[in-house]
Structure formats: structure tokens, C-alpha cells
Amino acid sequence: MHTTFSITRVTSNTCSSASSSSSSATIMTSTSTLTTATTLLTSVAAFLLLSVAINCHIVITEAMPGSSLGVHVVRSPESAVAPKGDEVVFECELNLSPERLKWKFRHSSKRAIDGSNFHYLSVEEGYNVTNEDRTSKLRVFVQLETLGDYQCVAWFGSAAIASTSASLTLVSITIDNSNGYSRNAIRWNVAPKNCALIRCGIVTSNPTAIWNFYRNGEKIQQTDSVPTSGALILNTVTSKDSGNYTCSARNPITGQEVKLPQRIDLRVDYSDRTPPYFLAQPPKQVTARPGDTVVLECPGVGSPPPGAVWSSPNVVNMNNNRTHMLPYGLQINNVLTEDQGSYVCRLDNGIAPALVHIIKFTVLEKPKILRGPARTSANESETLELECSATGNPYPDIYWLINGVDTSEDKEMLHDGRRLVIQHVQKRHAGIVQCFAKNEVGEISEANRLNVNPKQIHGGSTAGGNVPLRLPYEHGGGKNKGKKKHRTATMIPPSRPNVTRLSDDSVMLRWFIPKNDGLPIQFFKVQYRMLGGGSHKLPRENWQTTNDDIPFGKRNRNLDSLKNFTTSVTGLKPDRYYKFRIIAVYSNDDNREGNTSAKFFLQRGDALGLSKSNLPVPILNRVESVSSSAIMLHWSLPIAMTGQSEVDGFYAYYRPTSSAGEYLKATVDGMDTRKFKIDMLESGTAYEFKLQSFNELAASEFSSIIQGKTKKSLSTITPINEALDPSSKASDVENSVYPLVAGAAGGGILLLIVSVTACLCVKKRKNSQTEDQNKPQLDHMQADFVTPQVLSVSSHHKNGSSGSRLNGVLPRMNITPNPLAQEADKRNLF
């Protein structure tokens, strides 16, 4: 994964460097030889661009495989069979060094076809784990408590990849009594020259047992018999082979030997001509793995001895150099997948009827993933479907892990065979998704990346959660008169949530928003964090965010009173510590978190001696429509029964009847409260309501559901167009003459006033001309106090002593509090 990123960066640098070289060569061209060099540089540039294109193409092409995951398990732990008291070492290796590597264990009593029921092992619990760079070793002392499945999980940041699992099994050997055994010896009469196959019974041994056979109490030497598959084969029997046969099986590791109770009394003697028959019914179904050697048994006897002819209706090229005819069956060496099918053995000795035996031969295959999960990017809260197809014999079970966690433990996950559906993608799902295929022969996995695009938050970048708001002009005294002022609206955070136990896997949270005039809140999100277990040590988890958006509801611009909120958090695990906090998302799409709750321990109900029946169930009597946005609930409690717990309050649940989504929730404090108003509802909308009673430890069963409908809002529309009669129109025309006459008279008076004022000003200027000649000029005073910066003029216009006056010419200067007008003056100056 890291290698892929570095290759991509090198590709980018290579391309840019080559382009820069081409540009530098072009810029440094001498103007004196421009004509000659142009042709040369054109060729060089073309060559460089071609080289860049080729190099970039090569590197990018090599980087394409890096689009896969990039990290994989080199060596998974291997299954082991060991005696009690022995020590077994499991080893796991990755191609890259992980940030941390841990082991998971599932006891044999909890074994399942998927990846569930695992728990992490820790050094504190006494497990011997050694991690070195990319390798981890787990040493296990074999005992009943340690038998089961082991799996390693490696973390790369928040993403994790898991190995296939290995099983630890205890060495054992037992007699299979499913078919029963006769207390008396079974007597077989066989004509000479037949091939007899003696099997005393079946044992279950791990690993495969070693068989011993006895005739009349004496052990038969290996040179006299060929033991195979728990059977003794006697080729071309004679009277010397007559006797009483018994068997025993021994475990090759422990040496434990069991003696089978069945005895066979074999008598070899001449008899009348008889058609073929079986001394014991041979197996009709046989299984083997690729590469094994297997014998399809067909040990018929008769007088005279019969011969066998083999055929198959669905196996092509059955007669090859890997198959051999034996007196008691058909041997297939180095089994291949194409050997699977039905085999027909026909025994005939010339005496009717012939004996036909059909064997179904199955070749077991390890799972093989045909198409693993694709590299996927999904948006938060959307639905995602992944597929994984596999093959194998028997057909493998498919299960999924995301960051080492089995998807069956996530309520957001649905998986049906090869399909995995994430109903609501969450940020915690980002990382590595793995598809596992497993059958009795083996297990395989394939992994890929799952990227989650979080909900986009568009807001201001002002630290502390303050967003500047532009307000109208605020006029005051002093230098800031007439200038704009800015005021910040604060994002008021939610309060610290109060946590109440709801059930073994859920809690109820309550919080409030105080009275304020800050930014409006759109909705809330809830976050929680598991801090560890009570009796055993568990690693802390990262903060998790629930998927639901908890709406704030209707509100005015300013929050004029304290507002309470309630929601539940499900999917928790009992006997663990948790912390909770509330995130508010505001009208500017920014967010802010409230204070974290106190540490809360979620206890099991049976440990507390609680059940939902301990709390009285409220009786919801009626709902009353109060207004277009409010409904009043009325309820009562049944007569208290012996053993019932006291009630601290009630939870009210409501939602529109047209919705199948989550209920909105409200908390009603006080055991004596019998009515509650739910406001900020939609007008003219039908809702359904239900109640629960609760105390600090649990909540009751739900009441029956009752529906109610808010009132419709009243709105009156006043017509604005009224018909005008002719008399009113004439009156309007008549009245319109007066403004014209008044305007003409006013204009004449204004002209007269302006003429008089002009004459007075001319006369005054002549009288004061002599006095003003001794005063400094106004333009010189302005030049002394007004710098080029104030005039919005650059200093490079200075020229000698008159530089500050722009070569003796004073520009027009406007003083305005409007920044846009200042920008316009700059354009006029230049």
C-alpha cells in the first residue's frame, strides 16, 4: 500500500521534471540564434515530451496492480492436532510490518461456519505472544479450555486484515458404534481362490489410526497382509486362512490402542457353484482429495471366483495410467477433479445373476474465490452491496469481515450467501473488507479497500465555532462613525447527556439546549465509546457515531426557553463501560460537540435481578389535539402489584403514521405525571404515540399505540385587487393635476433662491481676496499631511521634491467610509 503511493509520487515528479527541463531549454534560447535554434528546440521538446509520455505510461502501467489492497497475509496459522499437556505454536506473517498484531480465539464449543464468537487474547491473561517485525507467534498449552480456532489480525491505522483460521484439536481415538456390533462372531463361508476383505468396524481417530489384525489371537505380520482403510485383504484364500479374526486400532501420536468387539469366523471350503455375492456390503459413497490414492472397493466372492468389469456413465477416459484393476476393487492414483463421478462394478462368474455395484466417487476441493470484493467507495448513510463468488467441493460457506470484525455482529449488515448488504454505510466501515470461503477441506480469503465518503460539512473556519454575521450600519460617536460593525453568533453546544439503562444492549440519553440567541441547530448526532469491560480487560475502542440524525424540530430565530431532547442508543454490549456525547450540526453546516457524559457501566438485567415485568406498563388513555403543532398525551398506571419497582418517569415515542422510520422520543420526569404535551409537530398530520415507564435501571414494556392528529393551521387570504368604478377613475385624473401645478410653483421659487445666493457669494469672495493672500495655500497643506498611501497612490510616482504632489499635480481626494468607493477612486487615479 505504501509502495503504491510512493510509485505514484515518483511518476508525478518524473513527469513534472521532464516538463520543467523542456521549458528551461526553451527559455534559455539565445535571441541571436533564434531562427536556427527554433527548429532544434522544437525537435528536442518533441523528444522530451515523447519520453515523458512513455515514462509516465510505463510507471503508471506498473502502478496499476497497486490499485488492489497491497497488504496481504503471507503465512496464516496452520491447524494442529496435539495431545493434552503439549505445547503448540501458531505463526502468522504479513508482507508489511503492521502497527499492531493480535490473536483471536473461539472455543470449540462455540464453533460456527462464519467468523463469529471470537474474542481477542491478551498477554495479561497468560498467553505467550511474540511479535517480531512482520511475524507473530502464539504459543498455546494444550488443554480442554484452549481447543478451538485461532486467527491473527493486523492493523494498519484503523484498517485491519485477518488471516484464515487454524484449529487446535485434541488427539483422540474412539470406536464408532453407529452401526452396532454383534456379541457373537460373524461366520463367513468362502470358496477357495476368492479374494476376501475383512473389516472389523470403524473408529474415529485424529490423526488416522494404524490397524492391527489378529487370527486366532496371533498378530498377522505385514508380509502376510496389506492393511488399508481399516481392512485386511486376503488374496486367493486357502484353507490355511480359516480362523477367528479380530482387529485393533492405535493412535500414532499417543499410542493409545482400542480393540474392536466384532469377531469374524472365516471358513474356507469348497462349495457348490454360486453366483457372485458380498461378504459385507462395500461403501456406496467414497470421497478423496486431489493427489490422494483411493480404492473403490468391490470385493465380490462366488464359486467359481467372479471377475469384475468397471465402467462409468460420466467419467471420460476412465482407463488411464493412474487407474489399476485390483482383485477387490479399482485403485485411482493421484486423484484429479475430473475423476469425480459414478463408477459401475459388474461382477460375473458365469452363473446368473451377475452382481452390479454402483459407487459415487466425490473429489473434495479446497475453496477458490472466483471474484472477490471490488475496491469500493461509498457515501456515508447510503446502502452498499458487495459480492463474492467462490467454488469448491463441498460448496464453501462464505462469510465477511470488515476490519477484522465479523459482519454478523453488525446490525447494519445483511448477508445472504455471496452478497453483503450494508444498509447504512458508516465511517467505522471504512478500511479493509474481506470475503472468506470455507469448507471441510480448507479456507481462503480475499480482501480489498472500502472507502467511506463522510457527509460533507460546509461551514466557516473561524476557530471556536464563531461565525461572523454582517449587521446594518450602527452609527455612534468617534472615529468609527458610519462604519460597519461585526458581531459573531456563537454555536451553543449541547449539554452533557444523562445516561439511563434501557436494556442489556441499549441506553437512553437525555440532554438540553439552554436559552440562547446563537445559530439555529439543524440536527444532532450521538457518539459513544467503549472503554473496556468490568471483570476482564478489553481494549478501548474509538468513538463511534450513530447513523440516525436527531432533528431539532421547529424553532424561531432565537431559542427563548430551555429545550430537552431524548434518544436511544442500541447495539451496545453488556458488562462494559461507555461514554457518550452529543454533536450539534448548525444552520451554517458546521458542528460542535457537547461535554462527554460520566462513565457508564451497562449491566445485564439478570445480574440486577430485573426484568421489564418489574415496571408497570403505562395505559395510554387518549390523545388530545391542542393546536396545529401540539398534542397532549393522557395516561394512567395500573394498580401497583407486589414486586413492582418504582417509576422515575416516562418515555414518550411518536412518529407520523405515514412513516415507518424511527420514533422520535421525549422524556417525562416524575412518577406522578399523567399528561404531557408534545409540540413542534406538523399541522394537519396524523401521528402515532406509545409510552414506557422507566427508572434508573430499566424500562417497561411499551403501551398500546394510539393515533392522534394535529389541527389544521388557519390562514386567511385578503384580496388585493378591487374593481374601480368610473367615478373613482375620473376623480383620480382630476386629482393628478394638483401635483403638476405645485411642482411648477416650487421650481420657480427654488430658482429664485439660487440666484440670490450666488450673488451674495461673489460679493463676499471679492471682499476676502486680499486677506487670503497671506495664508498658506490649501493644496500645500494637504500635500504635507496626506501621504501617497492615504491617497491610494504608489510611492514610485515620486520625482524630486515634488514627489509627494505627483509632479506638482494634486489628485482629487474623496473621504468615504465605503470601501467600494475607495476602490473606485483608485481606478480614477490610474
* What residue, of SER158, SER167, SER163, is under 51 Å from the mean Cα position of the chain (by Cα), surrounded by 14 or more Cβ atoms within 10 Å (Cβ to Cβ), farther than 16 Å from ASP86 by Cβ and in contact (Cβ under 8 Å) with a residue 24 or more places away in the chain? -> SER163
* Asked: Failed condition for LEU610, given (1) assigned to a loop (DSSP other than H, G, I, E, B); (2) within 22 Å of LEU509 (Cβ to Cβ); (3) modelled with pLDDT of 85 or more, with all others met?
  -> (3)
* Run THR130 past the list (1) within 29 Å of GLU446 (Cβ to Cβ); (2) open to solvent by less than 40 Å² (accessible area, probe 1.4 Å) and report the number of the one that doesn't hold. => (2)
* Out of VAL507, VAL526, sole residue that is open to solvent by less than 20 Å² (accessible area, probe 1.4 Å) and under 21 Å from the mean Cα position of the chain (by Cα) -> VAL526
* Structure fact -> Note on the range 513-523: residues touching a Lys or Arg at 6+ places or on another chain (Cβ under 7 Å) and surrounded by 18 or more Cβ atoms within 10 Å (Cβ to Cβ) are ILE513
* Determine whether GLY684 is modelled with pLDDT of 80 or more, small (Gly, Ala, Ser) and in contact with a Phe, Trp or Tyr (Cβ under 9 Å, 6 or more places away or on another chain). => no
* Kindly check whether there is at least one residue in the range 400-418 that is surrounded by 22 or more Cβ atoms within 10 Å (Cβ to Cβ), more than 21 Å from GLN151 (Cα to Cα) and under 14 Å from the mean Cα position of the chain (by Cα). => no
* Using the structure shown, decide if THR223 is modelled with pLDDT under 90, open to solvent by 60 Å² or more (accessible area, probe 1.4 Å) and not in a loop (DSSP other than H, G, I, E, B). => yes
* **Residue among THR546, THR570 that is open to solvent by less than 70 Å² (accessible area, probe 1.4 Å) and modelled with pLDDT of 85 or more** => THR546
* Structure fact -> Conditions (1) within 30 Å of ILE210 (Cα to Cα); (2) open to solvent by less than 30 Å² (accessible area, probe 1.4 Å); (3) aromatic (Phe, Trp, Tyr) -> PHE105 fails only (1)
* **Considering residues of the range 176-204 that are at pLDDT below 90 and among the small types (Gly, Ala, Ser) only, the residue least open to solvent (accessible area, probe 1.4 Å)** => GLY201
* Determine the pairs where a residue that is touching a residue at least 24 places away in the same chain (Cβ under 8 Å) and more than 17 Å from PRO299 (Cβ to Cβ), located within the range 314-330, has a partner that is among the small types (Gly, Ala, Ser) and crowded, with 16+ Cβ neighbours inside 10 Å with Cβ atoms under 6 Å apart, the partner being 6 or more residues away or on another chain. => ASN314/GLY341; VAL315/GLY341; MET318/SER312
* Asked: If the Cβ limit is 8 Å and pairs must be 6+ apart or interchain, which residue in the range 665-684 that is among the β-branched types (Val, Ile, Thr) pairs with which residue that is in a loop (DSSP other than H, G, I, E, B)?
  -> ILE678/ALA630
* To do: State the number of residues belonging to the range 370-396 that are assigned to a strand (DSSP E or B) and surrounded by 20 or more Cβ atoms within 10 Å (Cβ to Cβ).
  => 3
* Residue check: is LEU714 in contact with a helix residue (DSSP H, G or I) (Cβ under 9 Å, 6 or more places away or on another chain) and either more than 14 Å from ARG622 (Cα to Cα) or part of a loop (DSSP other than H, G, I, E, B) (or both)? -> no
* Residues in the range 282-331 that are in contact with a Cys (Cβ under 8 Å, 6 or more places away or on another chain) and of a type in the set (Val, Ile, Thr): how many? -> 2
* Quick one: which residue in ARG604, ARG581, ARG622, ARG592 is charged (D, E, K, R), open to solvent by less than 40 Å² (accessible area, probe 1.4 Å) and in contact (Cβ under 8 Å) with a residue 24 or more places away in the chain? => ARG581
* Asked: Among the residues of the range 419-443 satisfying the criterion of being open to solvent by 10 Å² or more (accessible area, probe 1.4 Å) and among the hydrophobic types (A, V, I, L, M, F, W, C), which is farthest from SER158 (Cα to Cα)?
  -> VAL441
* If we scan the range 583-593, do we find a residue that is part of a loop (DSSP other than H, G, I, E, B) and among the acidic types (Asp, Glu)? -> yes
* Asked: Considering the range 114-127 alone, what residues qualify as being of a type in the set (S, T, N, Q), surrounded by fewer than 18 Cβ atoms within 10 Å (Cβ to Cβ) and either over 21 Å from GLU99 (Cβ atoms) or in contact with an Asp or Glu (Cβ under 8 Å, 6 or more places away or on another chain) (or both)?
  -> SER116
* Structure fact -> Scanning the range 92-121 for residues that are more than 25 Å from LYS537 (Cβ to Cβ), touching a strand residue (DSSP E or B) at 6+ places or on another chain (Cβ under 6 Å) and of a type outside the set (A, V, I, L, M, F, W, C) gives GLU93, ASN95, ASP114
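The values are calculated or read from the model by the stated rules, or taken from the named source; none is laboratory data. Treat the numbers as computed from the prediction; the structure is a model and nothing was measured. Don't worry about glycine lacking a Cβ; one is built from the backbone with ideal geometry, like all the others, and counts go over all protein chains shown. Quick note on the areas: whole protein, heavy atoms, side chains included, nothing else; ligands and nucleic acids left out. Shrake-Rupley method; radii C 1.70, N 1.55, O 1.52, S 1.80 Å.
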